[in-house]
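Heads up, the thing below is written out as structure tokens.
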Ligand SMILES: NC(=O)c1ccc[n+]([C@@H]2O[C@H](COP(=O)([O-])OP(=O)(O)OC[C@H]3O[C@@H](n4cnc5c(N)ncnc54)[C@H](O)[C@@H]3O)[C@@H](O)[C@H]2O)c1
């Protein structure tokens, strides 16, 4: 199965990173979002990230130009889908929005196109049904920041074919990543472990047990984590953290995953983390 062009839908922090590692692997990428302006902003993020590497002497300026020349921002989904062998979806963590998008893409794309979701928590098997090609549907869960983090969780839905799984494992390796194949279940492996820890850290802060800095320092020094859970929440985006917890409650029925009220209040106030300039910390 050869993959020579990838459509990335959702040009936010994850989508831009996915387009970047695609182009760095020598594969053409098209970025689409809710408007051309949004898609171009995603391309701008990639350009900025590559410029930082050039400034630090870690990449030649010509290499940056050649990577950027492989990424196109598309005005709409129809134009973006033309010629793509694989679609990687990285829109907001909203089950209804994703379901709607897969239905639209199923109409636009030819039946052999593979569909992959970068979802953090939503069922691959249920999105596969919306896509009307369950055997060609898979989870490709990149970590944040995409260009730096080694892991990709490759999530097999109930109907995902062996050949599609093999093709995605091979693609992840071509992108310089370490793929781990996991089964479809709420929040998969990394977030099943990390998101409850973040939620517990938010409760710890809300109960006044320590400050944000104090909680993060305890986890960093006490557990040898490079980043504290509240700083990690700011990196992920608090809206995404709450959405993942809601999916975990809905999928498992287990109230232990209920989002901390402080997280909900911060989302309501627009304190979404790094992407908003303020979360548990100011940026
Ligand atoms: N943030 C993380 O650390 C992280 C890590 C791994 C996976 N993810 C997952 O990646 C996905 C995207 O997360 P993000 O952090 O990049 O979010 P983000 O808010 O930075 O970007 C989301 C983008 O999707 C666009 N979008 C929303 N609805 C759309 C639609 N219907 N059609 C086209 N574009 C649409 C938005 O305009 C925005 O540009 C989510 O599913 C999230 O769970 C996030």
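Taken together, the values in this text are just the output of simple stated rules run on the coordinates, not laboratory data. Please read these numbers as outputs of a predicted model, since none were measured by experiment. Virtual Cβ from ideal backbone geometry, glycine too; neighbours counted across all protein chains shown.
See the values below:
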quantity	calculated
When residues of the range 56-71 are limited to those that are in contact (Cβ under 8 Å) with a residue 12 or more places away in the chain and not in a helix (DSSP H, G or I), the one farthest from the chain's Cα centre (by Cα)	70
From 32, 11, 39, 23, residue being buried (at least 24 other Cβ atoms within 10 Å of the Cβ), in contact with a strand residue (DSSP E or B) (Cβ under 6 Å, 6 or more places away or on another chain) and more than 21 Å from residue 276 (Cβ to Cβ)	32
In the range 1-55, the residues that are assigned to a loop (DSSP other than H, G, I, E, B) and away from the ligand (no atom under 16 Å from the Cβ)	1, 2, 3, 4, 25, 26, 27
Number of positions in the range 72-130 that are touching a residue at least 60 places away in the same chain (Cβ under 8 Å), more than 14 Å from the ligand (Cβ to nearest atom) and over 20 Å from residue 155 (Cα atoms)	2
Index of the failed condition, residue 88 passing every other in (1) within 23 Å of residue 166 (Cβ to Cβ); (2) part of a loop (DSSP other than H, G, I, E, B)	(2)
Any hit, the range 140-148, residues being in contact (Cβ under 8 Å) with a residue 12 or more places away in the chain, in contact with a helix residue (DSSP H, G or I) (Cβ under 9 Å, 6 or more places away or on another chain), more than 16 Å from the ligand (Cβ to nearest atom) and more than 17 Å from residue 236 (Cβ to Cβ)	no
